[in-house]
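The values are calculated or read from the model by the stated rules, or taken from the named source; none is laboratory data. Source: prediction; values computed, not measured. Ideal geometry is used to build each Cβ from the backbone, glycine not excepted, and the neighbour counts take in all protein chains shown.
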Amino acid sequence: MSTGSANQRTALQPGDPEDRSHRIGDWGTLFIQHVLHPATIAGVPSIIGVLAGYFVFRAWGQGLTSFLRSLAGVLIPLVGAGFVFNFKRDLLESLGKIRPPLAGVLAAVTSFLLMLAVEFCASFYSRIPIIELVLMTCFSVLVFSYSFLRSNRILAYYYGSAMGFLAYLWFIGSPVPLR
């Protein structure tokens, strides 16, 4: 017995005859949903966090004052994003209003430019830890917006960021000296 028109469909449940994601022939969808999406969502913030951690540990070798400044540069964006997440969520909602193709391109360009800035700033010593601040601001925006939005629209930012980072590595190489 049908309670609606034939054109109205409800969301497919696993095991429904129309649900193809459980079939062997649809391994591409399974790979994207269960490997590629989670790897991107975990990988992009991890790359940013590892880079920020590198600069904090590098500052540790330069003395306690440099370490504390670097650590503060990492913590300020996290605290600020926590404040926005709790008290000003409309700022995070606005990220979800940008069309995914444009969001992906903006994220790719931003992450490529971010890596250029990291390489440029890493080449000289600065008393103000700009790199840590910028890296963790990007990290915080990605993580807190994902926690708030939880939609496929936010994936555009993650994939765009991944493309920007990978393009930078492909064209230029590592932004920091690898020893």
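A few notes on this one:
- Residue ID - modelled with the highest pLDDT, chosen from residues in segment 81-124 that are surrounded by 12 or more Cβ atoms within 10 Å (Cβ to Cβ), more than 17 Å from the chain's Cα centre (by Cα) and among the small types (G, A, S): A117
- Taking the numbered list (1) in contact with a Phe, Trp or Tyr (Cβ under 7 Å, 6 or more places away or on another chain); (2) closer than 14 Å to I128 by Cα; (3) of a type outside the set (D, E, K, R); (4) surrounded by 18 or more Cβ atoms within 10 Å (Cβ to Cβ) in turn, F67 passes all entries but (4).
- Cβ pairs under 9 Å, 6+ apart, first in segment 38-55 and within 20 Å of P129 (Cα to Cα), second of a type in the set (G, A, S) and at pLDDT below 85: F55/A122
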